[in-house]
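The values are calculated or read from the model by the stated rules, or taken from the named source; none is laboratory data. Computed from a prediction, not measured in an experiment: that's the story for all the values here. Backbone-built Cβ (ideal geometry, glycine too); neighbour counts: all protein chains shown. The protein model used for the area step is the full one, side chains on, heavy atoms only, and it has no ligands, DNA or RNA in it. Shrake-Rupley method; radii C 1.70, N 1.55, O 1.52, S 1.80 Å.
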Amino acid sequence: MVLSFRDKIILAPMVRVGTLPMRLLALDYGADIVYCEELVDIKMLQCRRVVNEVLQTVDYIAPTERVIFQTCEREKDQVVFQMGTADPERALAVAKLIENDVAAIDINMGCPKEYSTKGGMGAALLSNPEKIEKILKTLVNGISKPVTCKIRILPTLKETVDLVKIIERTGVAAIAVHGRKKEERQQHPVHCDFIKAIAEAVSIPVIANGGSQELIREFHDIEAFRSVTAASAVMIARAAMWNPSVFRREGLLPLEDVMRDYIRHAVIYNNHYTNTKYCLCQMMRDQLESPLGRKLHGTQSTLDICEVFEMTSFYESCQLSQEARKVSIHVNVQETVETENDNEENHDLIQMPVRFERKDYLPQITPKMFLLEWCRKETLPQPVYHTVQRSLDKFFRSVVTVNEKKYCSTLWDKSKKLAEQAAAIVCLRTLGLPEGKLGEEESNLVRKRKRVITEESVNMSGQQGGEQVKKRLHDNENVDD
Ligand code: FNR
């Protein structure tokens, strides 16, 4: 199905706001199309595409393991991928990488921020029509999905209409017009007359944008903005960021209900808590000093956020179902693992399906450290890790030998370090020892480790002492990590 931009109400691209939970919430409330936040071509080209079977998402993951773009089946026919670029070939490479996971590709030509314009991207493109033509034509000819672009208006109407006509000739499916000049800020009035003149000058759909400040508060305002601009569609940024239920035909919902709906998506898709918190703070903007706002301010994890909104049982049930899905996926993966291990002597190998999840452990403490300390205490030889990488997906699995017994996780991990930690967990759990998980703070080993670190910090004064503490931690990291 080819995405059409006529008669549509659209969630605008917004950095940090336009991530998967917000896009899904906008769709729930009635948005027809959702744009993702702008993602820069160079960053995208470093990403690998991973199907996340537990979350049922497609993730584009940077070398740092950060998820840069996450999408899912539900939005596949409605999500537009917005790119920051100044280079036709790089733009095409990204578009080809992503086109089967999204409904259309957009090029951002409106961002006035220096980080964008100094690389020739965003609003810098507006003064380079040849570059605009090259980028858009390369994309239109090179991919099978619709291509759009989002611009700001130029100093005069004539210049703006001339540019829009050049853009129309490239074959784009629609053009979004933010009715402000690049020097104008969000609080300046939007130039509806410019958008109207553009809409009347071209035959491709024009998407009107810029009405949040003065014109759009709730659903029925959207049609008024469309009508005054004579546009085919309306794109909403801030009004949707402040209250995403602006897309509801039935009218706005109370903010706390909207925030809970948002948190549900954030929990289901394991959204990073800092991003969830940022979006919730945008929604609460003038109520951040209220009791709820203060509580939100103090949160440091998704679980904390759920506690503030009395959604702990929802959080726990999501965690459980994710764990259950991990196990069922593991059952399928296990067949591959067993085939790969057919030639290994596995009879003495103690195995369980575990993974090391950093967030579940105390800072500076890892299962490997625990295992090492336990071996020292028991005057056993240090644990020995033997790690293999499989050819199928380059994942790792590690076997740790402790006291002549071998332990390993049945799950393969994306890094050697994670695989070793998982093997250490299997060993610790088999031996019934603490492993440094949150909630185990009172165990003897954790107390001992904390004491050692604190005593060293107190005993050593000045730069040299500090360096020694760091060295000790570093040594532990090297041995234990
Ligand atoms: C934006 N805007 C924006 N535009 C864009 O093309 N790509 C982007 O990534 C962003 N990021 C972004 C983040 C945030 C927090 C805001 C508030 C805005 C601009 C946005 O899409 C829109 O053009 C303007 O906000 C004007 O529309 P409204 O807010 O009046 O509906």
remark   = With the charge dipole of the chain built from beta-carbon charges (+1 for Lys and Arg, -1 for Asp and Glu) about the Cα centre, the Cα from F314, S227, Q187 projecting farthest to the positive end belongs to Q187
message = Test of understanding: what is the full-extension gain from V54 to C281, defined as 0.36 nm times their sequence separation minus their Cα-Cα distance?
response = 78.9 nm
key: Separation in nanometres of the label points that stand 7 Å from Cα toward Cβ, at K394 and I42   = 2.1 nm
task = Pop the C-beta distance of R66 and L288 into the FRET formula with R0 = 30 Å and round what comes out to the nearest 0.05.
result = 0.65
query = Is the shape of region 113-178 best called rounded, prolate or oblate, per the rule: a/c under 1.5 gives rounded, else a/b larger than b/c gives prolate, else oblate, with a ≥ b ≥ c the square roots of the Cα gyration tensor eigenvalues?
reply = oblate
Cleavage-rule hits, GluC sites (Glu not before Pro), region 245-331, DSSP coil, Cβ neighbours within 10 Å at most 10 = E250, E289, E310
ask   = Helix 255-268 sits at what angle to the longest principal axis of the chain, using alpha carbons and giving 0 to 90 degrees rounded to 10?
value = 50 degrees
Accessible-area value, T274, 1.4 Å probe, nucleic acids and ligands omitted, Å² = 60 Å²
remark   = In nanometres, the difference between 0.36 nm per residue of separation and the alpha-carbon distance of R16 and N141 is 42.0 nm
remark   = Too long for a 19 Å Cα-Cα cut-off, among K113/K150; K131/K196; K150/K196, are K131/K196
task = Of the DSSP beta bridges with both residues in the chain, give the percent that are antiparallel, rounding to the nearest 5.
result = 35 percent
message = On C-alpha positions alone, give me the angle between the axis of helix 462-480 and the longest principal axis of the chain, in degrees, nearest 10.
response = 80 degrees
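Among K96/K134; K368/K437; K76/K326; K368/K405, which pairs are too far apart, with a Cα-Cα distance over 22 Å?
K76/K326
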ask   = At what distance in nm do the modelled label points of H188 and E159 sit from each other, each positioned 7 Å from its Cα along Cα→Cβ?
value = 1.2 nm
note = So, with points 7 Å from each Cα along the Cβ direction, the R358-E214 label distance in nm works out to 4.7 nm
ask   = Which of the GluC sites (Glu not before Pro) found in region 34-139 are in a DSSP loop and have at most 11 neighbouring Cβ atoms, other than their own, within 10 Å?
value = E65
query = How long is the chain along each principal axis, judged by its Cα atoms, biggest number first, in Å?
reply = 83, 54, 48
message = Angle check, please: helix 416-430 long axis (alpha carbons) against the longest principal axis of the chain (alpha carbons), in degrees 0 to 90, nearest 10.
response = 50 degrees
Per-residue ³J(HN,Hα) for region 100-110, Karplus 6.51 cos²θ - 1.76 cosθ + 1.60, θ = phi - 60°, Hz, x for Gly and Pro = 6, 9, 9, 8, 6, 10, 10, 10, 7, 10, x
query = So how much slack lies between E200 and E89, counting 0.36 nm per residue of separation and subtracting their Cα-Cα distance, in nm?
reply = 36.7 nm
remark   = Placing +1 on each Lys and Arg Cβ and -1 on each Asp and Glu Cβ in the chain, then taking the dipole about the Cα centre, the residue among A104, G122, M83 whose Cα reaches farthest towards the positive end is G122
ask   = Which listed residue (G30, V2, V15) has the Cα farthest towards the positive end of the charge dipole for region 1-70, taking +1 on Lys and Arg C-beta and -1 on Asp and Glu C-beta about the Cα centre?
value = V15
